[in-house]
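A short worksheet on the structure shown next.
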Amino acid sequence: MLRLIAAAAFFTTLVIFPALASAVELRVSAGSDLRSSEPGVNRDDTADAIMSHVVETLVTLRDDLSVAPMLAENWAVTDDGRSYVFSLRKNVRFHDGTEFDAEVVAWNWSRFLATESRWYCRQAFVGDAGSGGLVRLLDVSAVDRYSVRFRLAEPSALFLPLLASIQCMAGAYGRSSVDSAGRWRQPVGTGPFKFGQWRRGRDLVLDRYTAYRPSTIPVDGLAGRRDALVDRVRFTVIPDPNSALAAFNAGDIDVLSYQPVSILSGVANRSGITVHQQPLLGWTVLLMQTRDPLISDPRIRAAIAHAIDRTRLARTATESVSRSNASAVPLGSVLRSAEHDVFPAYNPERARQLLRAANYSGQPIEIQTNRLFRNMFDNAVMVHAMLRSVGMNPRISVLDWATQLSNYQQGHFQLSSFGYSGRVDPALSYDLLLGDKGVRPTVQWQSKTAESVLAAAAKEQDANRRIMQFAELHRLMAADLPIIGLYNGTSISVAAPGVAGLRTWRGATPIFWGITKR
């Protein structure tokens, strides 16, 4: 009898193990761990990229940055642009098996807009003081089971782009995402992958959602079919880029995503490696805290601007792939004009004159940076050298990324080597910069005149008028100098042999649906 049991156990083992071994796992390096599993809350680029595979939004973005349907099949605009009714896709289910419908959309938005909400984009939708008032959303309600209405106080050119924004992640979450008291548990979305095991500081696994019903629209940017073709994606936290590169070269990582162009020189020459080079919407900058006693002097800010050779810095930091851009309107944008190339030019002698006029006497100036994002560190080193060359006393403070980001969120810095992820519309970028620092410490620029121009650009539908409005915003910013724009980056993504279908997108979001691995 014991022999029969043992034989049965052995036979069972032979049957089960091949099935387990056939599971295909795509291994991806992540430069940082999730700050929160709640999308759009305490977010950064890493969280945005991961959660876009778990959570879907009503609308999303094509490659050309136009807005496309996702969970909504279509929409109708009425009441002179103040009412949007979305017709929802049917037979879509959350990862817990419950159905996606209009009532759950309205429930999600009641959470997003609640006074106590920590959602990143709440202010942009409710028009709080200091938020720029981009969209004034009055309410969201179910019309019927598969139709939902959004009512705006006034028309807005930015309502749909904000709905599609990957930074906002205004997605559909099942009610089981929160506990009985309304506290966040974990994301229960409708996407092609489910939120799996999360070992904080180590890795996060996304499991293929076998009941997923993809859109029938062809793939285009983040829009269209999102077919999960691997069983799971494992994001391994490797903060040090050199360690991530070593793991890739050793075969322990399948994909290096959105790395600086310098990574190419270290990639081992293996047959079958594929490389993607992607120009980005993201904006690399030097933040200047205008509330700081020293930096508040416009002559000091102008001296810093004239001391920095932005052309050489961009060329060096990106190995001549990207050119400098001082404007919040990205290179290549249809809303950009020649005015965006005008900015205080590199002029060391003029910088010295301004320092003398401001009675600068060698006070230390701290430049905050980190080593997680190599370009931010390299930029800080070059800025340090350029400021020293005109007689300033800069000091580099290397922090971990979480600390530097927290300092940005609280406004605790003098200078900070920083970067903004790409926004689909320039008004969204200017809204990040403009406002009341007493309400939003993350804003860099306090200007009622500029806020008025931004408010007009947020409502304007005519592209030619918007071009003129963004040109005026740049002229005002180049005069006030609350920030120094450096360049729009270019990134490299590398896939190991046997990995096929890797796509990149201008918004710097890795796309892991549609990928196969053998």
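The values are calculated or read from the model by the stated rules, or taken from the named source; none is laboratory data. Only a predicted model underlies this, so the values are computations on that prediction, with no experimental measurement involved. Methodologically, a virtual Cβ is constructed for each residue, glycine included, from the backbone with ideal geometry; neighbour enumeration extends over all protein chains shown.
Condition check for GLN461 on (1) assigned to a helix (DSSP H, G or I); (2) out of contact with any Asp or Glu (no Cβ under 7 Å at 6 or more places or on another chain); (3) of a type in the set (S, T, N, Q): one failure, at (1). Criterion applied to LEU281, LEU287, LEU294, LEU256 was being closer than 29 Å to PRO348 by Cβ, surrounded by 21 or more Cβ atoms within 10 Å (Cβ to Cβ) and touching a residue at least 60 places away in the same chain (Cβ under 8 Å), and the one residue passing it is LEU287. Scanning region 259-278 for residues that are assigned to a strand (DSSP E or B), out of contact with any Lys or Arg (no Cβ under 8 Å at 6 or more places or on another chain) and buried (at least 18 other Cβ atoms within 10 Å of the Cβ) turns up just one, GLN259. Residues in region 299-333 that are of a type outside the set (Gly, Ala, Ser) and in a helix (DSSP H, G or I): ARG299, ILE300, ARG301, ILE304, HIS306, ARG310, THR311, ARG312, LEU313, ARG315, THR316. Is it true that ARG336 is of a type in the set (D, E, K, R) and either more than 26 Å from SER262 (Cα to Cα) or not in a helix (DSSP H, G or I) (or both)? Yes; evaluated as a whole, the condition is true for this residue. For region 337-363, the set of residues classified as under 22 Å from ARG323 (Cβ atoms) and touching an Asp or Glu at 6+ places or on another chain (Cβ under 7 Å) consists of TYR346 only. If you go through region 194-228 and keep only what is in a strand (DSSP E or B) and over 21 Å from GLU73 (Cα atoms), you end up with LYS194, PHE195, GLY196, GLN197, TRP198, ARG199, ASP203, LEU204, VAL205, LEU206, ASP207, ARG208. Among the residues of region 228-243, is there at least one that is surrounded by 20 or more Cβ atoms within 10 Å (Cβ to Cβ), of a type in the set (Val, Ile, Thr), modelled with pLDDT of 90 or more and more than 30 Å from ARG199 (Cα to Cα)? No, that holds for no residue. Just wondering, is there one or more residues in region 134-154 that are crowded, with 20+ Cβ neighbours inside 10 Å, β-branched (Val, Ile, Thr) and closer than 23 Å to LEU432 by Cβ? Yes, region 134-154 contains a residue that is crowded, with 20+ Cβ neighbours inside 10 Å, β-branched (Val, Ile, Thr) and closer than 23 Å to LEU432 by Cβ. Part of a loop (DSSP other than H, G, I, E, B), within 24 Å of the chain's Cα centre (by Cα) and under 30 Å from GLU460 (Cβ atoms): is that true of LEU134 in this structure? Criteria met by LEU134.
Just to be sure before I move on: is THR516 surrounded by fewer than 17 Cβ atoms within 10 Å (Cβ to Cβ) and either of a type in the set (Phe, Trp, Tyr) or touching a strand residue (DSSP E or B) at 6+ places or on another chain (Cβ under 8 Å) (or both) in the structure I sent?
Yes; evaluated as a whole, the condition is true for this residue.
Per the listing PRO187, PRO161, the residue uniquely assigned to a loop (DSSP other than H, G, I, E, B) and touching a residue at least 12 places away in the same chain (Cβ under 8 Å) is PRO187. Of all residues in region 371-395, none that is more than 18 Å from ARG312 (Cβ to Cβ) and part of a helix (DSSP H, G or I) has its Cβ atom under 8 Å from the Cβ atom of a residue that is at pLDDT below 95 and hydrophobic (A, V, I, L, M, F, W, C), 6 or more apart or on another chain. Take the conditions touching a Phe, Trp or Tyr at 6+ places or on another chain (Cβ under 8 Å), at pLDDT 95 or above, in the same structural domain as SER416 (by TED's automatic domain parsing) and closer than 16 Å to VAL329 by Cα and apply them to LEU434. Does it pass? For LEU434, the condition - touching a Phe, Trp or Tyr at 6+ places or on another chain (Cβ under 8 Å), at pLDDT 95 or above, in the same structural domain as SER416 (by TED's automatic domain parsing) and closer than 16 Å to VAL329 by Cα - is not met. Filtering region 412-434 to residues that are in contact with a Ser or Thr (Cβ under 7 Å, 6 or more places away or on another chain) and of a type in the set (Gly, Ala, Ser) leaves SER417, GLY419.
Scanning region 40-86 for residues that are among the small types (Gly, Ala, Ser) and surrounded by fewer than 16 Cβ atoms within 10 Å (Cβ to Cβ) returns SER66, ALA76, GLY81, SER83. Being of a type in the set (Ser, Thr, Tyr) and either in a loop (DSSP other than H, G, I, E, B) or out of contact with any Asp or Glu (no Cβ under 8 Å at 6 or more places or on another chain) (or both) is a description that does not apply to SER176.
Tell me yes or no: at least one residue of region 504-514 is assigned to a loop (DSSP other than H, G, I, E, B), closer than 30 Å to ASP309 by Cβ, of a type in the set (S, T, N, Q) and without any contact (Cβ under 8 Å) to a residue 40 or more places away in the chain. No: zero hits. Within the option set GLN414, GLN409, GLN404, being in the same structural domain as ILE295 (by TED's automatic domain parsing) and touching a Phe, Trp or Tyr at 6+ places or on another chain (Cβ under 9 Å) holds for one residue only, GLN404.
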